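Trainee: One structure is given below, represented as structure tokens, and several questions about it will come after.
No lab work stands behind these numbers, since they all come straight from the coordinates. This structure is a prediction, so every number in the text was calculated from the model and none was measured. In this analysis, Cβ positions are derived from the backbone assuming ideal geometry, glycine residues included, and neighbour counts consider all displayed protein chains.
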Amino acid sequence: MNISLKEKNLLGVNGLGRIGKLSLWHNLLTRHFEGMVINVGREVGKSLEDLIHNISSDSTYGSLTHFLYGYSGKRCEIKIVDEESGLLDIDGYPVKILNKHRNPQDINWKNEGVKIVIDCTGKFLDPTIPDNSPKGSVNGHLTAGAQKVVVSAPFKIKDSTLAESVDAPTLIYGINHLNYNPLKHNIISAASCTTTGLAHMMLPLLENAETKNVLTASMSTVHAATNTQSVLDSVPSKGTSDLRKNRSVIDNIILSSTGAARTLEKVMPQIVNFGFMADSVRIPTSTVSLIALNITFNSRMSDNGNPVINAGYINNIYENAAKGAQKDLLVFSKKQNVSADLVGFPAAVVIEGHETHTRTGFLKVPQEALATIVEGSSQDINIPVTHAKIMGWYDNEYGSYVTSLCKLTEYIDSQEG
């Protein structure tokens, strides 16, 4: 079998952490790209065999063989074609490993034949930093020959005065990915796992005539552990502001913060019109997280005196979305799920319909206050307000985030001339 990388449509990946490794697994499954070049940026173990050991198995998702073929009996074989150049044959799929450079500008993507790079390091998140920055910059990938860079995290622009000077959008597949313009967008953020799930929960509500009138909203994500936390209690680094991430991830429920609401504003600008708060609670599991969305609507009553917006109405919105434009991205479930049921599940979010709840109350406007607005008003007015709690599962590693990230990357590739 010819496993040469020449004349192939190749995907580049910078970083082989959780997202980088699972992006490799996803592309072994879909094979949209004809091969991959992965920059690890350093020597791993004692030989290339040690890197293969890491690639071929996973504590959360099991073996690569099981991921690709289940229990069919077929096995995934990984062969070293050329150890010196780092060329592997993974089940007939060519993958080249680079280990010399960590600074993006030094990774010669052009020589490797790579046009699109996913940066999964979490280190280069500011598109306003020049390519020649000593500490590296996401712009360095373009200098090194890549044409497009997709960052697997939200941007963090240190100098807010420069934010408007760069045309680097935040895109989520199935939400606003059609805003991608190949003529001017060279660096794209794929947001975060939580923002991806949250955006798919919000979109059907904001597109419905009854639920688009949002007064306020908040969300809490009950979030699986990540590598930003300590396995055991540790001494915080200089300048650390959140001391809780240095406490043992194994033994604690840890209150934390999330930038999901701020990032969501970049993807769905209409949410700026109402207040949106977000927070995170880290728990000792390896993957699958849960969004608890609390949202209040300016509602109305039906002719028979019942609230128009109720749990059934909201679940119907999600059932229709799951069959329509968000098919396979949003899934509506009537089951009573637990987190293990959603490990690897390939949807941006799974609505737990069994746990949708609403309550309608009334905002009383006294007639004396109303008289200042409506001349001749002689009675109080009660305005119905409906509060809803909606639960959405998402596999924050592979199923929700990496799947959405790779679909976005494939769409960007499809738009290139």
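Trainee: Can you compute log10 of I(q)/I(0) for region 212-265 with the Debye formula, treating each Cα as one identical point scatterer, at q = 0.29 Å⁻¹?
Mentor: At q = 0.29 Å⁻¹ the computed log10 ratios are -1.25.
Trainee: When only Cα pairs under 8 Å and 6 or more residues apart are kept, what is the percent relative contact order across region 1-128?
Mentor: With pairs under 8 Å counted, the relative contact order is 36 percent.
Trainee: Quick one: which residues, 5 or more positions from Met219 or on another chain, have an amide H under 5 Å from its amide H? H modelled 1.01 Å from N in the peptide plane, none for Pro or chain starts.
Mentor: Residues meeting the amide H criterion: Met277, Ala278, Asp279, Asn294.
Trainee: Given 4 °C and 1.567 mPa s, compute D for region 30-87 with the Stokes-Einstein relation, Rh being the Kirkwood radius over Cα pairs; round to the nearest whole µm²/s. Working shown, then result.
Mentor: Working: Rh = 13.2 Å.
Answer from the Stokes-Einstein relation: 98 µm²/s.
Trainee: What ratio of Cα Rg to 2.2 N^0.38 Å holds for region 69-159?
Mentor: Working it through for region 69-159, the quotient is 1.34.
Trainee: Additional query: Expressed as a rounded percentage, what relative contact order does region 194-399 have, with Cα pairs under 8 Å and six or more residues apart?
Mentor: Relative contact order comes out at 26 percent.
Trainee: Over 18 Å between Cα atoms, which of Lys96/Lys123; Lys334/Lys407; Lys21/Lys407; Lys6/Lys74 qualify?
Mentor: Lys96/Lys123; Lys334/Lys407; Lys6/Lys74
Trainee: Add +1 for every Lys or Arg and -1 for every Asp or Glu among the other residues with Cβ under 15 Å from the Cβ of Asn315, and state the total.
Mentor: Once positives and negatives cancel, what remains is 0.
Trainee: Further question: Which ³J(HN,Hα) values, rounded to whole Hz and listed in residue order, are derived for region 318-335 from phi using the Karplus coefficients 6.51, -1.76 and 1.60 in 6.51 cos²θ - 1.76 cosθ + 1.60 with θ = phi - 60°, glycine and proline given as x?
Mentor: 6, 4, 5, 5, 5, 9, x, 5, 9, 3, 6, 9, 10, 10, 9, 10, 9, 7
Trainee: Please list, ordered by chain and number, the residues whose modelled amide H lies under 5 Å from the amide H of Ser63; skip anything fewer than 5 residues away on the same chain.
Mentor: Amide H neighbours of Ser63, under 5 Å, 5+ apart: Asp58.
Trainee: Sticking with this structure for a sec: Under 12 Å from the Cβ of Lys184, count the other residues' Cβ atoms, weight Lys and Arg +1, Asp and Glu -1, and hand me the total. Mind showing how you got there, number by number?
Mentor: Numbers: positive: Lys148; negative: Asp167.
Counting the neighbours of Lys184, the net charge comes to 0.
Trainee: When the helices in the chain are scored as -39500 (n - 2.57) per DSSP H run of 4 or longer and the sum is shared across all residues, what 222 nm value do you end up with, to the nearest 500 deg cm²/dmol?
Mentor: On the way: 10 runs with 88 residues, N = 417.
Value at 222 nm, helices only: -6000 deg cm²/dmol.
Trainee: Please report, for the Cα atoms of region 28-125, the Rg to one decimal and the Dmax as a whole number; what are they, in angstrom?
Mentor: Considering region 28-125 through its Cα atoms, Rg and Dmax are 14.3, 43 Å.
Trainee: Highest mean first, how do 222-229, 198-205, 209-216, 67-74 rank when packing is the count of other Cβ atoms within 10 Å averaged over residues?
Mentor: 198-205, 222-229, 209-216, 67-74
Trainee: Can you give the net charge of the other residues whose Cβ lies under 15 Å from the Cβ of Pro94, counting K and R as +1 and D and E as -1?
Mentor: Details: positive: Lys6, Lys8, Arg31, Lys79, Lys96; negative: Glu7, Glu34, Glu77, Asp82, Glu83, Asp89, Asp91, Glu112.
Net charge in that neighbourhood comes out at -3.
Trainee: Residue by residue, what Karplus-based ³J(HN,Hα) values in Hz, rounded to whole numbers, does region 21-36 have, using 6.51, -1.76 and 1.60 with θ = phi - 60° and x for Gly and Pro?
Mentor: Those phi angles translate into 5, 6, 5, 4, 4, 4, 6, 5, 7, 8, 6, 4, 8, 8, x, 9 Hz.
Trainee: Another one. Hey, what's the Kirkwood Rh for the chain if you take every pair of different alpha carbons, in angstrom? Write out the running numbers ahead of the final one.
Mentor: On the way: mean 1/r = 0.0429 Å⁻¹.
After inverting the mean inverse Cα-Cα distance, the result is 23.3 Å.
Trainee: Only bridges whose two residues both fall in region 194-399 count here: according to DSSP, what percent of them are antiparallel, nearest 5?
Mentor: 70
Trainee: Now a separate question. Using the Karplus curve 6.51 cos²θ - 1.76 cosθ + 1.60 with θ = phi - 60°, what ³J(HN,Hα) values do you get for each residue of region 145-158, in whole Hz, with x for Gly and Pro?
Mentor: Residue by residue, region 145-158 yields x, 5, 9, 9, 10, 10, 9, 8, 6, x, 5, 10, 8, 5 Hz.
Trainee: Trypsin sites (Lys or Arg not before Pro) within region 216-290: which are DSSP loop residues with at most 13 other Cβ atoms inside 10 Å? Walk me through the numbers before you get to the answer.
Mentor: Working: sites: Lys238, Arg244, Lys245, Arg247, Arg262, Lys266, Arg282; in loops: Lys238, Arg247.
Within region 216-290, the qualifying trypsin sites (Lys or Arg not before Pro) (loop, at most 13 other Cβ atoms within 10 Å) are Lys238.
Trainee: While we're here: Looking at the chain, what % of its DSSP beta bridges pair antiparallel, to the nearest 5?
Mentor: Here the share of antiparallel DSSP bridges comes out near 55 percent.
Trainee: Then there is this: What are the extents of the Cα atoms of region 194-399 along their three principal axes, in Å, largest first?
Mentor: Largest to smallest, the principal-axis extents are 68, 42, 28 Å.
Trainee: Of all DSSP beta bridges in region 194-291, what percent run antiparallel (nearest 5)? Could the numbers behind the result be given before it?
Mentor: On the way: 5 of 15 bridges.
If we restrict to bridges inside region 194-291, about 35 percent are antiparallel.
Trainee: Now for a different question. Using a 10 angstrom cutoff on alpha carbons, build the Gaussian network for the chain and name the most mobile of Cys406, Cys120, Cys76.
Mentor: Ranking Cys406, Cys120, Cys76 by mean-square fluctuation puts Cys76 first.
Trainee: Moving on to the next point. On average, how much area does the Cα convex hull of region 138-200 cover when viewed from any direction, in nm²?
Mentor: Computing the convex hull of the Cα atoms and averaging its projections yields 4.8 nm².
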